[in-house]
Every structure is written in structure tokens, then in C-alpha cells.
Amino acid sequence: MATPKKKIVMVDTPIDNRETFVSLSTSMKNMNDEVTMESKLHSLYMIQQTDSKIDQIHLLRGELPEEVRDLEDEIAGLNTRISNLEAEIKEQESFISIKKMDIKTCDDNIARYDEQRNNVANNREYDSISKEIEFQTLEKELAEKRLREATVLVEEKKNAIQAAREELSGREQDLENKKKELVSIIEDTSREEEVLQAKLAEYEKGIDERMLAAYHKVRGNAHNHLAVVTVKRGACGGCFNKIPPQRQLDIAQNKKIIVCEYCGRILVSSEFEKEAELQ
């Protein structure tokens, strides 16, 4: 008589954003899987270890990409500032040209009026021309004042451009050095990261999607990105709160998912840590 096939009971509860190790542990009690719980826990722990190594690689690159972006933004800002200053200088230089023309016009008018004043027929004409000369003199003085102010302003803007260009040169050199450093680090670590990503894919085959989804949720919420930890000196390896002795015994047996009641991380046997060190 043929041996009946083992019936696999599937869990209908879908993976959603509320999935946790606690709810996952409850639902998995009804699952008959050929992969043992100990094997799943071990795979989960190795996923955590591999993710942590990848995190270290990203940490090594860490702030460099941001520093490169910040320098690029700063350089763009300096270039914009220089362009604006150059445009303002052109505007002031145009203004200076106009004022120089105004001064020449005033000089020409004063000379013309002065010649007319020497040939007037009466005091009334003399006084009228004298007022025109006085007005042109005041206009010339005002134009000369505006000319001096614009000249000083142009000089200040030229100095500002020189300072901005010196700062720009320094930032461009910093950017070049940072880019070289980033490229060097990426070249040095890319192969290592590829190997780790391959291992990660293999470990993920050892657990189901729901457990993996729960892992990523807890990992994303943890400040140190640790979702799976061992018990160290009787305490959770994530939040360092004490674990009761009986619970430690349950963890060591690797027969079910046990989470820290304080931080929600999954707790596994410290034997996994020793095995990971040998790999």
C-alpha cells in the first residue's frame, strides 16, 4: 500500500506591515515544514551577520558620498555667486560710464554758460546764466559722488570675486580628493560586497518570506539595525535587558522563535555566534 504524502498546512495570513516575530511565531506553530526551526533560526542569524558586514562596508563609504554631494552643491553655489557678482560689476561699470558722460556734459554746459555770461547785456541775463552754471555744478558734483560710490562698489565686488574664486579653487581640490577616495573605497569593497550579497541570497533561501519580512521590519526599526541577537551574560544582545533563566533555556533549545519582551528583537542561541566565527 502506498504511503500517503505528508500534508503541508499553508498559513493564509498575508504578510503585511504589522507582521512581527511574535505574530509570525504564533502562525508558524501550525506549519509542518521539512526545514527545522533550528535551521531557520540559524539562517536568520547568518542573514543578520551578513547584513551587518554589508552595513560596515556602507559605513566605510559612509559620509563620503554625502561629502561629495555637499562639495558639489557648495561649488555650484560659489559659481552662482561669482556669476552674480560679475553681472553686478557689469551693471555698475555701465552706470559709471553714464556718470562720466553726465560729468562731461555738465563741464560742457558750464563752459558754454560761462562764455555766454561774459557777453550778457543786462544783470537779469547774468543772474539767469549764473543760476544755470550753479545748477550744472551741483549736477556735476552729484554725478561725481555717484561715480565714486560706484567705483568703490566695483572694487568691493572684484575683491569678493577674488575671495570666492580662491575658495572655489580649494573646494574643487577637496572635491577631486574626495571623489578619488570614494572611487578607491568602492573599488576595494565592491568585490567583498558582491560576495556577501551572494551569501545573503543563499541564506534567505533557508527561511520563508514571512519570516524575512518580519526580520526586515524589526531591523529597519532598530537604531543599530540588529534584528537577531544572541543572549550575552544573561541579557539581550540588542537592548541589554536581563533574560529570565527559563527563557534562556528555551532560547538554547532552538525550537521556537523567542523575542525580547523589551525591544522585540529575536533571540537565538549563543552557539550560532561561535559557528559564525568559524565560517
Practice problem: Note the listed values (1) 1, 6, 11, 16, 19, 17, 12, 8, 5, 3, 1, 0, 0; (2) 1, 6, 14, 19, 21, 19, 13, 6, 1, 0; (3) 1, 5, 8, 9, 9, 7, 6, 5, 5, 4, 4, 4, 4, 4, 3, 3, 3, 3, 3, 3, 2, 2, 1, 1, 0, 0, 0, 0, 0, 0, then indicate which one is P(r) over Cα pairs in 5 Å bins from 0, in percent calculated from this particular structure. | Solution: (3)
Quiz item: What's the exposure ranking of Met101, Met211, going from fewest to most Cβ atoms within 10 Å?
Solution: Met101, Met211
Quiz prompt | For region 64-190, projected area of the alpha-carbon convex hull averaged over all directions, nm² | solution = 9.1
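What value, in deg cm²/dmol to 500, does the helix sum -39500 (n - 2.57) over DSSP H runs of n ≥ 4 give at 222 nm once divided by the residues of the chain? Walk me through the intermediate numbers first.
Values: 7 runs with 200 residues, N = 279.
When only DSSP H runs of four or more count, the value is -26000 deg cm²/dmol.
Taken together, the values in this text are just the output of simple stated rules run on the coordinates, not laboratory data. Everything numeric here is computed off the predicted structure, so don't read it as measured data. Positions of Cβ are backbone-derived with ideal geometry, glycine not excepted, and every protein chain shown enters the neighbour counts.
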